[in-house]
Amino acid sequence: MKLSILLSVLVIAAASAVPRQQRQFPDDFIFGTATASYQIEGAWDEDGKGENIWDYNTHRDPTIIVDQSNGDVAADSYHNYKRDVEMMRELGLDCYRFSLSWPRILPSGFPNHINQAGVDFYNNYIDEMLKYNIQPIVTLYHWDLPQKLQELGGFTNPLFEEWFEDYARVAYSLFGDRVKLWITFNEPKEICYQGYGSVTKMPQVNATGIGEYLCAKHLVMGHGRAYHSYNNDFKPSQGGQCGLTINLQWYMPDTDSEEDAHAVDLMNQATWALYTDPIYSPEGGFPKELSEIVAKKSAEQGYPRSRMLSFTDEERVYVQGTYDFLGLNHYSGNIVSATRYKEPYAVPSIYDDIDVGWTVNESWLKGQAAWNYLVPNSLYNCLTLLRQRYNDPDIYVTESGWSGAPDASLIDEDRVTYYATIMEQMLAAIDEGVKLKGYMAWSLLDNFEWMKGYTERFGLYAVEFSSPERTRTPRLSAFFYKEVLRTRTAVAADYRPEEFTMKIDEGH
Ligand code: PNW
């Protein structure tokens with residue numbers, strides 16, 4: 001034992017002798033974890049909370065979720081929030097990203113009635129974090145729209161932008177004295193394409209080729225309004241920042257042909273730049289090429305106007321530059337081709353519009369989720385791409401993580417490998433000059449994984465969903481992450497604290 005410690009000290013010493021500029025994360029870099037209200041809170045109808053689109057649909061038809069589960073109780077963080085904050089302290093977090101449930105605060109979706117019990121819950125949660133110097137980072141919208149607003153069309157209604165601004169203002173005025181980082185929307189593509197352009201998220205509108213484009217404009221305008229509200233009326237006294245979080249897969253070309261490079265560019269436009277170019281690009285507006293393609297296809301398909309909306313000059317200028325930082329969620333990657341790997345896409349649909357194919361390399365380390373691979377350098381590549389495209393913004397990685405099986409042991413070695421790799425890539429990106437300000441691991445604890453229910457686990461802490469207490473137990477990855485935070489370096493993937501060395505010896 002002593003010898004092995006000595007050896008590992010020598011190995012670490014040797015590794016740090018390698019001339020790398022930046023072996024340590026900067027002092028002001030913040031580490032945290034992330035969660036979302038519907039995935040962890042439970043208490044779906046307690047204390048005056050209104051119904052959201054997941055409550056409504058999972059109750060209406062339980063079979064839409066693979067294990068026929070729902071978020072009625074989830075990890076029960078509504079009642080266990082003190083234990084959650086205790087876990088944050090165990091890990092040594094600088095910050096914690098969570099989302100507000102819109103209908104817990106505004107049961108009808110509108111600010112005519114504020115649900116005080118919901119406000120109390122978030123006040124207690126935030127105050128408990130602040131007691132231990134953990135900075136709360138709030139996502140205003142992480143997919144749990146008030147059902148009442150969906151009945152009015154949700155994100156497809158042009159009035160959505162006003163509804164969202166009204167809600168955002170309520171949140172800033174209630175919590176902005178203590179919350180200094182605000183994220184308007186989590187993952188626009190997952191909201192718009194999955195929720196309105198297909199059936200892979202609620203509200204499963206499935207208006208392919210139409211719904212995602214309606215949603216895209218109203219979401220971007222809603223973001224712009226929420227940003228301006230904050231900037232004009234709250235920032236001067238509260239002094240915080242506001243941004244948007246997108247999800248990026250790293251898309252790499254199948255071959256080095258020009259066609260495949262172009263296919264990658266189209267994938268980037270359709271899956272994230274559609275939402276970020278209007279806000280973050282110097283030109284503003286939706287990506288030009290995508291707009292032209294959709295206009296042309298719409299005409300060929302007999303539509304009197306493009307299925308994709310555009311901005312008036314006034315709107316374009318209004319949303320341009322409405323950010324203080326960019327939030328990046330990153331998990332995985334794909335190989336993209338102009339000619340191969342295509343599926344029969346719905347017509348019309350955004351994937352039919354761009355007409356490219358994608359696949360994976362089966363030699364990549366694979367997680368439990370079908371889309372979850374460890375792709376070489378993927379986070380580093382996404383960070384440098386965003387830096388280039390958007391003129392070097394401040395960036396936070398607001399999510400990244402690894403999916404495991406529900407029966408997975410506490411010794412989650414693949415997850416540790418994933419996190420170890422990601423830490424190295426972030427240090428390299430910082431070396432490269434990316435203004436990377438923080439990192440939030442998805443997730444603090446196992447939770448309701450949307451359509452996959454409880455069959456995919458992302459937690460640093462395992463949650464026992466069969467126990468009424470929803471007992472939480474740290475996995476190996478929790479100890480690994482804690483060590484990263486303690487040392488503020490990229491800890492080696494074979495790091496094993498004593499506790500786990502013993503478990504491995506006992507054959508657990
Ligand atoms: C995120 N992809 O979604 C969500 O923000 C979380 O709510 C969710 O639980 C978590 O990741 C894990 O799935 C993703 O395209 C969206 O690879 C897209 C991808 C991955 C995750």
Practice task
Kindly list the number of the only condition in (1) open to solvent by less than 30 Å² (accessible area, probe 1.4 Å); (2) more than 21 Å from TRP371 (Cα to Cα); (3) assigned to a helix (DSSP H, G or I) that fails for GLY209.
Solution key: (3)
Exercise for the section: Output the residue which, of all residues in region 165-190 that are out of contact with any Lys or Arg (no Cβ under 7 Å at 6 or more places or on another chain) and under 17 Å from TYR351 (Cβ atoms), is most open to solvent (accessible area, probe 1.4 Å). Expected result: LYS189
Completion exercise
Scanning region 438-460 for residues that are within 8 Å of the ligand (Cβ to nearest atom) and under 15 Å from the mean Cα position of the chain (by Cα), the one nearest to ARG472 (Cα to Cα) turns out to be ASN447
Completion exercise
Matching residues in region 245-260 (assigned to a helix (DSSP H, G or I) and open to solvent by less than 40 Å² (accessible area, probe 1.4 Å)) number 1
Practice task
Starting from residues that are open to solvent by 10 Å² or more (accessible area, probe 1.4 Å) and in contact with an Asp or Glu (Cβ under 7 Å, 6 or more places away or on another chain), keep the ones in region 222-239 and report whichever is nearest to THR156 (Cα to Cα).
Solution key: ARG225
Completion exercise
For region 228-250, pairs from a residue that is more than 14 Å from PHE175 (Cβ to Cβ) to a residue that is within 16 Å of the ligand (Cβ to nearest atom) and of a type in the set (Asp, Glu), with Cβ under 8 Å and 6 or more apart or across chains, are THR245/GLU187; THR245/GLU399; ILE246/GLU187; ASN247/GLU187; ASN247/GLU190; ASN247/GLU399
Practice task
State which residue is farthest from MET202 (Cα to Cα) when the search covers only region 137-189 and only residues that are among the β-branched types (Val, Ile, Thr) and within 16 Å of the ligand (Cβ to nearest atom).
Solution key: ILE137
Practice task
Return yes when GLY284 is crowded, with 21+ Cβ neighbours inside 10 Å and in contact with an Asp or Glu (Cβ under 9 Å, 6 or more places away or on another chain) and no when it is not.
Solution key: no
Handout entry: Selection status of THR271, under 22 Å from the mean Cα position of the chain (by Cα), part of a loop (DSSP other than H, G, I, E, B), surrounded by 18 or more Cβ atoms within 10 Å (Cβ to Cβ) and not hydrophobic (A, V, I, L, M, F, W, C)
Key = no
Handout entry: Selection status of ASN70, touching a Lys or Arg at 6+ places or on another chain (Cβ under 9 Å) and open to solvent by 10 Å² or more (accessible area, probe 1.4 Å)
Key = no
Exercise for the section: Taking CYS242 as meeting all but one of (1) surrounded by fewer than 19 Cβ atoms within 10 Å (Cβ to Cβ); (2) farther than 21 Å from TYR380 by Cα, write down the number of the exception. Expected result: (1)
Practice task
Scan region 461-474 residue by residue and report those that are within 16 Å of the ligand (Cβ to nearest atom) and in contact with a strand residue (DSSP E or B) (Cβ under 6 Å, 6 or more places away or on another chain).
Solution key: TYR461, ALA462, VAL463
Practice task
Give just the number: which of (1) part of a helix (DSSP H, G or I); (2) open to solvent by less than 30 Å² (accessible area, probe 1.4 Å); (3) modelled with pLDDT of 95 or more; (4) away from the ligand (no atom under 16 Å from the Cβ) does PHE500 not satisfy?
Solution key: (3)
Problem - Residue list for region 149-164, filter: surrounded by fewer than 20 Cβ atoms within 10 Å (Cβ to Cβ) and either touching a helix residue (DSSP H, G or I) at 6+ places or on another chain (Cβ under 8 Å) or among the aliphatic types (A, V, I, L, M) (or both) - result: LEU152, GLY153, ASN157, PRO158, LEU159, GLU162
Handout entry: Complete set of residues in region 71-83 that are of a type outside the set (D, E, K, R) and without any contact (Cβ under 8 Å) to a residue 40 or more places away in the chain
Key = HIS79
Practice task
Restrict the check to region 251-260 and report whether at least one residue is within 16 Å of the ligand (Cβ to nearest atom), touching a residue at least 24 places away in the same chain (Cβ under 8 Å) and within 27 Å of ASN377 (Cβ to Cβ).
Solution key: yes
Exercise for the section: Give the residue, chosen from VAL434, VAL375, VAL397, that is of a type in the set (Val, Ile, Thr), buried (at least 19 other Cβ atoms within 10 Å of the Cβ) and without any contact (Cβ under 8 Å) to a residue 60 or more places away in the chain. Expected result: VAL434
Practice task
Among the residues of region 328-341, write down those that are open to solvent by less than 80 Å² (accessible area, probe 1.4 Å) and in contact with a strand residue (DSSP E or B) (Cβ under 7 Å, 6 or more places away or on another chain).
Solution key: LEU328, ASN329, HIS330, SER332, GLY333, ASN334, ILE335, VAL336, SER337, TYR341
Fill in the blank from the handout: Scanning region 84-139 for residues that are free of Cβ contacts under 8 Å to residues at least 60 places away in the same chain, part of a helix (DSSP H, G or I) and over 21 Å from TYR38 (Cα atoms), the one most open to solvent (accessible area, probe 1.4 Å) turns out to be LYS131
Practice task
Among the residues of region 463-494, write down those that are open to solvent by 10 Å² or more (accessible area, probe 1.4 Å) and assigned to a helix (DSSP H, G or I).
Solution key: PHE479, LYS482, GLU483, LEU485, ARG486, THR487
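The values are calculated or read from the model by the stated rules, or taken from the named source; none is laboratory data. This one's a predicted model, so the numbers in the text were calculated from it and none came from an experiment. With ideal geometry, Cβ positions are generated from the backbone for all residues, glycine too; neighbour counts draw on all protein chains shown. Ligands, DNA and RNA are stripped out before the accessible areas are found, and what is left, the full protein with its side chains, is counted by its heavy atoms. Shrake-Rupley method; radii C 1.70, N 1.55, O 1.52, S 1.80 Å.
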